[in-house]
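Since the structure comes first, as structure tokens, the remarks are kept for the end.
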Amino acid sequence: MPWNPDVYNQFKAERYAPFYDLLGLVTVKNDLSVIDLGCGTGELTRKLADALPGSQVTGIDTSAEMLEKAKTFATDHLHFSQQSIENAVAGGSTWDIVFSNAAVQWVEDHETLLPRIISLVKKGGQLAIQVPSNHHHVSHVAIRELAERAPYREALNGWIRTSPVLSIEQYARILFENGGHNINVFEKVYPHVLEDAKAVVGWTSGTALVPYMDKLPAALKDSFLNEYTATLTKALPGSPVFYPFNRTLMVATF
């Protein structure tokens with residue numbers, strides 16, 4: 001997907017708050033081996049590395065555009081590479097901390113994926129993952145409903161992206177069944193106040209809209225975005241707009 005780091009970073013403060021909460025759940029030790037699955041622009045991976053003295057941290061991402069930005073945060077203890085989460089779980093390497101902030105939601109089938117990610121954790125190591133769980137909000141529902149209407153349905157060949165994110169109970173069960181202890185799984189609402197419905201469109205333009213914009217032909221991109229904006233303006237009138245964003249955070253040791 002053609003990720004745009006500049007669009008993604010328009011709401012940097014709002015997007016970074018869950019990272020700090022997740023980082024606060026990590027057990028800090030020296031000289032660890034750490035992987036960040038889906039490092040994005042690398043800024044937060046650098047903060048993760050700085051919080052773990054002497055540790056060797058690797059950030060991976062599939063986006064060349066994001067990794068170009070990440071280069072500026074590399075150090076002797078922090079390296080970045082272009083690869084997918086799927087390739088990482090198939091690679092056989094293990095780590096003291098397997099960390100992922102707002103990335104795993106782009107990989108399908110979490111019932112199968114999470115045990116594979118757990119297999120990356122060394123004995124005595126820790127898993128720490130945060131995923132958005134906002135797929136029931138109108139900002140996401142409206143995208144799917146619009147994609148199901150003509151002419152977008154035909155242009156997309158009926159494709160709709162269904163979120164693979166599970167319930168907190170399901171995640172807790174998977175962690176337990178795969179040997180986790182000190183399990184902590186919870187959903188938190190991050191209350192964002194945005195200027196108006198167009199600002200909400202700006203938010204989703206950096207995330208949920210990306211795969212649709214990638215798949216739609218150029219002739220339909222503007223009309224899709226305009227119809228989506230009109231739908232959100234009706235659903236979220238006035239200014240400012242209260243935008244409650246749900247996130248699921250999970251940690252466990254193995």
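Among the residues of region 167-176, which ones are among the hydroxyl-bearing types (Ser, Thr, Tyr) and either in contact with a helix residue (DSSP H, G or I) (Cβ under 8 Å, 6 or more places away or on another chain) or surrounded by 14 or more Cβ atoms within 10 Å (Cβ to Cβ) (or both)? Within region 167-176, 171 is the sole residue that qualifies.
Identification of helices (runs of 4 or more DSSP H) wholly contained in region 103-211 with 1 or more residues that are small (Gly, Ala, Ser) and in contact (Cβ under 8 Å) with a residue 12 or more places away in the chain yields 138-147, 152-155, 168-177, 197-205. Residue count for region 87-102 under the criterion of being assigned to a helix (DSSP H, G or I) and among the small types (Gly, Ala, Ser): the result is 2. Checking 33, 55, 63, 100 one by one, the residue that is more than 20 Å from the chain's Cα centre (by Cα), buried (at least 20 other Cβ atoms within 10 Å of the Cβ) and among the small types (Gly, Ala, Ser) is 55 and no other. When 231, 207 are checked against the criterion of being hydroxyl-bearing (Ser, Thr, Tyr), over 21 Å from residue 19 (Cβ atoms) and crowded, with 19+ Cβ neighbours inside 10 Å, 231 stands alone in meeting it. Taking region 175-189 as the range and being touching a Pro at 6+ places or on another chain (Cβ under 9 Å) and either of a type in the set (S, T, N, Q) or at pLDDT below 95 (or both) as the test, only 178 passes. From the set of residues in region 32-53 that are in a loop (DSSP other than H, G, I, E, B) and at pLDDT 95 or above, which is nearest to residue 104 (Cα to Cα)? So, considering only residues that are in a loop (DSSP other than H, G, I, E, B) and at pLDDT 95 or above, the one nearest to residue 104 (Cα to Cα) is 38. When the residues of region 177-199 are narrowed to those that are over 17 Å from the mean Cα position of the chain (by Cα) and among the aliphatic types (A, V, I, L, M), which ends up surrounded by the fewest Cβ atoms within 10 Å (Cβ to Cβ)? For region 177-199, the residue satisfying everything is 193. All conditions but one from (1) part of a helix (DSSP H, G or I); (2) within 27 Å of residue 212 (Cβ to Cβ) apply to residue 72; the one that does not is (2). Of 217, 244, 237, all but one fail to be in contact (Cβ under 8 Å) with a residue 60 or more places away in the chain, over 23 Å from residue 149 (Cα atoms) and surrounded by fewer than 13 Cβ atoms within 10 Å (Cβ to Cβ); the exception is 244. When the criteria are applied in full, residue 58 fails the requirement of being in contact with a strand residue (DSSP E or B) (Cβ under 9 Å, 6 or more places away or on another chain), outside any strand (DSSP E or B) and among the hydroxyl-bearing types (Ser, Thr, Tyr).
The values are calculated or read from the model by the stated rules, or taken from the named source; none is laboratory data. Remember, it's a predicted structure, so these values are computed and weren't measured experimentally. In this analysis, Cβ positions are derived from the backbone assuming ideal geometry, glycine residues included, and neighbour counts consider all displayed protein chains.
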